[in-house]
Ligand code: CA
């Protein structure tokens, strides 16, 4: 696969312009490469992926553009619905990050039109609208994922990688850490190729930790993520899932560490 590094340098976004909660990502380029590797993606693979961001808020738009470019993706930024449609017609993007409240044309209309034209790219809606009805409308219009504002850039990137892995077939879907393996399409964890029996919630928690492999994930972030689609999940429930996961992962080669007051860290056993 050709690896076009020039795409990395397509813009000049000053980290100083970022504000909470869209803080700059931690970590060096080397660290990002490790994170990608842990997620079954190489830096080269992300360099060949181009993302369309559709967002009219300049502060958020700048922060997201900086984050996706730091993570190695190429990206274009449309600031209204009409511009977004023109961009989608002009270029075969690998994924779209789509705000709903947009000048000139609503995000959902942009999405419906794209699907009508047969566009299959994965789409993640970024919105502050959070009623169940809104989510159903978004999914009915053809969205693949839904992220509520304000969000952490780390989570946006983790979900974007997951979307791309699902869209990009088998080669990018196998995560391997020693004896431990995870197939992100089948959502199946295994040890020495023997499948682990995990509940749906345990798989979700494991996926969240894998997407942050090598970095700390706050307990609240896990609880928020699990509450995304249904009733509330408390911090206590997260502790229970982690406890069960730990027992099932014993001897697998990966461990879930607790960092007091910070959260959880999934890493290879030393
Ligand atoms: Ca907006």
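The values are calculated or read from the model by the stated rules, or taken from the named source; none is laboratory data. This is a predicted model, so every value here is computed, not measured. No Cβ is skipped: glycine too gets one built from the backbone with ideal geometry, and neighbour counts run over all protein chains shown.
In table form, for the structure just shown:
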{"read-out": "Any hit, region 119-130, residues being modelled with pLDDT under 85, in the same structural domain as residue 90 (by TED's automatic domain parsing) and out of contact with any helix residue (DSSP H, G or I) (no Cβ under 6 Å at 6 or more places or on another chain)", "value": "yes"}
{"read-out": "Residue 269, sole failed condition from (1) surrounded by 14 or more Cβ atoms within 10 Å (Cβ to Cβ); (2) at pLDDT below 85; (3) within 21 Å of the chain's Cα centre (by Cα)", "value": "(3)"}
{"read-out": "Test: residue 147 is more than 12 Å from the ligand (Cβ to nearest atom) and outside the structural domain of residue 219 (by TED's automatic domain parsing)", "value": "yes"}
{"read-out": "Any chance residue 126 is in contact (Cβ under 8 Å) with a residue 40 or more places away in the chain, within 16 Å of the ligand (Cβ to nearest atom) and within 21 Å of residue 167 (Cα to Cα)", "value": "yes"}
{"read-out": "Residue satisfying all of: in region 54-111; away from the ligand (no atom under 14 Å from the Cβ) and part of a strand (DSSP E or B); surrounded by the most Cβ atoms within 10 Å (Cβ to Cβ) among these", "value": "96"}
{"read-out": "The one condition in (1) without any contact (Cβ under 8 Å) to a residue 60 or more places away in the chain; (2) outside the structural domain of residue 85 (by TED's automatic domain parsing); (3) surrounded by 14 or more Cβ atoms within 10 Å (Cβ to Cβ) that residue 191 fails to fulfil", "value": "(1)"}
